[in-house]
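First the structure, in the form of structure tokens, and then the observations on it.
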Amino acid sequence: MKIRIEHSTKKTELLCAFTLENSNKITGLPKFDANTALSINQSLKDTNGKLGKLSVIHTSGKKPIKRILLAGIGKKEEITKDTIRAVSGKIAQKARELKMKEFSIIVPPSFVSEPDSGVAQIIEGAKMSLYRFDKFKSEKSDVVITLTIIVSKSSNILESAKKAEVIADGAIFTKSVANLPPNECTPTTLANFAKSISKNNKMKCKIISQPELRKQGFGGISAVGKGSKNEPKLIVMEHSRGRKNEKPIVLVGKAVTFDTGGISLKPGAAMDEMKFDKCGGCTVLGIMKSVSELKLPINVIGIIPSVENMPSGESYRPGDIIKLYNGKTAEILNTDAEGRLILADALAYGEKKYSPKAIIDFATLTGACIVALGTNVAAITSNDEKLTRKINEASKRTTEEVWELPLNQDYMDMIKSDVADMKNVGIGRAAGTITAAAFLKNAIETTPWIHVDIAGVAWTQASTKEKSYNPKGATGFGVRLILDYLQNM
Ligand code: BES
Ligand code: MN
Ligand code: ZN
């Protein structure tokens with residue numbers, strides 16, 4: 001989709017305006033003939049500006065504006081960034097349904113209180129809601145759509161619009177990689193994606209493969225990866241536009257391209273969804289793409305441990321004891337608790353190699369997370385209050401919701417092993433999300449760290465709240481959250 005910014009309404013196939021609940025005024029609409037004005041009034045009465053209600057009006061006569069779309073945005077005092085995103089998404093989907101090649105949205109002046117112009121949310125909502133995973137459909141229905149945003153003159157609209165486009169593109173990139181089926185996306189495929197976005201945007205990119213992984217002590221990645229003939233990769237991307245000696249932010253993302261559970265094989269029902277077990281890594285890919293395109297003047301490192309967790313004669317087993325990158329040993333009691341093993345390696349590597357300011361990791365880590373928080377809120381656990389506060393603030397601004405779970409010594413005690421430093425599962429089903437986080441915490445020494453368990457939110461599930469900008473499949477959760485955090489550090 002192409003975005004244009006204009007300051008007045010000209011010719012358009014479909015002119016879209018937001019309408020408020022219980023209000024008969026529409027700001028920004030040009031004057032129409034009596035017949036059209038009558039239809040507009042009738043539509044206003046019918047929909048009454050109710051949130052998400054749309055109505056299309058055909059203008060009469062030969063007009064530079066063919067149709068009008070009124071979109072209810074709800075009560076004035078209840079408008080949020082997210083309602084703007086969601087309704088803009090609905091508008092865009094309607095435009096596509098009507099087979100428009102081009103449409104326009106009027107931004108009401110009340111949205112334009114800097115810096116929250118609303119323009120960014122309109123762009124995010126419209127772009128993200130038009131994304132569709134149709135790579136493997138013979139019939140492609142996409143037409144290039146141009147969106148013209150009509151906004152009264154104001155200072156840095158162009159800049160925030162450009163940013164919003166790059167951010168939405170990052171989230172869309174994450175979705176499009178995360179949606180790939182496991183036969184079309186192996187650790188090597190992900191490494192190639194990382195190489196290509198790095199090349200396009202002047203980032204350094206390093207891929208560590210076997211036998212190097214084993215030699216350098218990545219015991220978690222090596223153990224989990226050895227059951228598959230699709231070899232494990234550790235992907236590292238460096239965006240270095242900050243001061244030379246400025247400590248970077250390290251982002252880590254779990255990328256299990258398919259999680260069968262390994263020897264502790266998962267039951268068959270819904271196992272196909274474990275193609276989404278790479279979503280954490282895909283989130284990091286999308287963030288790095290946008291960070292580099294935005295040329296943010298900071299240092300950011302993206303680290304993606306990627307494996308396929310398969311059962312085979314070469315697989316690691318329950319009972320094995322492995323040595324992680326930081327030298328600590330782990331007793332394997334369930335090969336399905338694989339994410340924490342590959343993340344522990346990557347976190348320890350990130351801390352040792354880069355001495356970062358902060359480490360943030362994303363992972364579809366535990367089914368328990370869905371039991372605890374459902375499918376609209378991610379779980380966060382951290383060793384640092386200030387970092388947690390910053391992430392909570394970014395969460396409020398982006399409506400990528402998070403909720404903190406406790407992580408004290410009692411939980412650390414739950415993963416003590418009789419025969420090794422730790423075991424890779426907790427005690428029964430108690431606090432599964434936190435015991436997984438406790439395992440990760442052991443990989444980090446002193447760096448402020450926050451772990452985001454995205455098991456419930458990384459893709460749309462049966463209980464996922466419907467939002468226009470999150471069509472079926474991967475959601476790209478975390479991309480907007482972290483880009484907001486990075487821009488407001
Ligand atoms: N990738 C899964 C977690 C998961 C399951 C995410 C379902 C989203 C939906 C992870 O590797 C896993 O299998 N975790 C186990 C841990 C257990 C064996 C301690 C789980 O949650 O059951
Ligand atoms: Mn698993
Ligand atoms: Zn997994």
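The values are calculated or read from the model by the stated rules, or taken from the named source; none is laboratory data. Fair warning: this is a prediction, and the values are worked out from it, not measured in the lab. Here the Cβ is made from the backbone with ideal geometry for all residues, glycine too, and neighbour counts use every protein chain on show. To get the accessible areas, we keep the full protein, side chains included, count just its heavy atoms, and leave off ligands, DNA and RNA. Shrake-Rupley method; radii C 1.70, N 1.55, O 1.52, S 1.80 Å.
Values for this structure:
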| quantity | calculated |
| --- | --- |
| Mean separation of Cα contacts under 8 Å, 6 or more apart, over the residue count of the stretch 138-277: relative contact order % | 24 percent |
| When each of Lys137/Lys275; Lys10/Lys175; Lys31/Lys90 is checked by Cα-Cα distance, pairs over 27 Å | Lys10/Lys175 |
| Surface share of carbon and sulfur [accessible, 1.4 angstrom probe, percent] for the chain | 51 percent |
| Using θ = phi - 60° and Karplus 6.51 cos²θ - 1.76 cosθ + 1.60, couplings along the stretch 461-473 (whole Hz; Gly, Pro as x) | 10, 4, 8, 5, 5, 6, 9, 4, 7, 10, x, 2, x |
| Relative contact order of the chain, pairs being alpha-carbon contacts under 8 Å that are 6 or more residues apart, as % | 15 percent |
| Loop-resident sites, the stretch 455-487, for trypsin sites (Lys or Arg not before Pro), counting at most 14 other Cβ within 10 Å (DSSP) | Lys465, Lys472 |
| Within-10-Å neighbourhood charge of Lys75 [Cβ basis; K, R +1; D, E -1] | -1 |
| Sequence-distant aspartates and glutamates (8 or more away, or on other chains) whose Cα lies within less than 17 Å of Lys53 | Glu21, Glu78, Asp82, Glu97, Glu466 |
| Placed amide H near Arg317: partners under 5 Å, 5+ positions off or other chain | none |
| Test item: Cα-centred dipole of the chain, Lys/Arg +1 and Asp/Glu -1 on Cβ, debye | 1940 debye |
| Cα-Cα over 23 Å, subset of Lys76/Lys396; Lys11/Lys75; Lys195/Lys266 | Lys11/Lys75; Lys195/Lys266 |
| Degrees separating the helix 385-398 axis from the principal Cα axis of the chain, which is the longest one | 30 degrees |
| Angle in degrees between helix 119-130 and the longest Cα principal axis of the chain, rounded to the nearest 10 | 70 degrees |
| By accessible area with a 1.4 Å probe, ligands and nucleic acids excluded, highest first: order of Thr148, Thr329 | Thr329, Thr148 |
| Relative contact order for the stretch 2-151, counting Cα pairs under 8 Å that sit 6 or more residues apart, in percent | 33 percent |
| GluC sites (Glu not before Pro) lying in DSSP loop within the stretch 141-197, provided at most 16 other Cβ fall within 10 Å | Glu184 |
| Centroid-to-centroid separation of the stretch 311-338 and the stretch 66-103 [C-alpha atoms, Å] | 50 Å |
| Cα gyration tensor category, rounded, prolate or oblate, for the stretch 2-151 with a/c compared to 1.5 | oblate |
| Nearest-ten-degree value, helix 432-441 long axis tilted from longest Cα axis of the chain | 70 degrees |
| Total formal charge among the other residues, if their Cβ is under 9 angstrom from that of Ile207, Lys/Arg +1 and Asp/Glu -1 | +3 |
| Gyration tensor (alpha-carbon) shape descriptor, the stretch 168-487, a/c threshold 1.5 | rounded |
| Helical mean residue ellipticity (222 nm; -39500 (n - 2.57) per DSSP H run of 4+; nearest 500) of the chain | -10500 deg cm²/dmol |
| Counted charge near Pro297, where neighbours are those whose Cβ lies closer than 9 Å (Asp, Glu -1; Lys, Arg +1) | +3 |
| Accessible area per residue in Å² at 1.4 Å probe, computed on the chain | 43 Å² |
| Counting DSSP beta bridges with both ends in the chain, the antiparallel % (nearest 5) | 40 percent |
| Coil-residue chymotrypsin sites (Phe, Trp or Tyr not before Pro) of the stretch 62-163, DSSP, other Cβ within 10 Å capped at 14 | Phe136 |
| Geometric extent, Cα atoms of the stretch 273-374 - Rg, Dmax (angstrom) | 15.7, 48 |
| Cα gyration tensor category, rounded, prolate or oblate, for the stretch 340-458 with a/c compared to 1.5 | oblate |
| Under 16 Å from Lys226, Cα to Cα: aspartates and glutamates that are on another chain or at least 8 residues apart | Glu212, Asp259, Glu308, Glu314, Asp320, Asp336, Glu338, Asp345 |
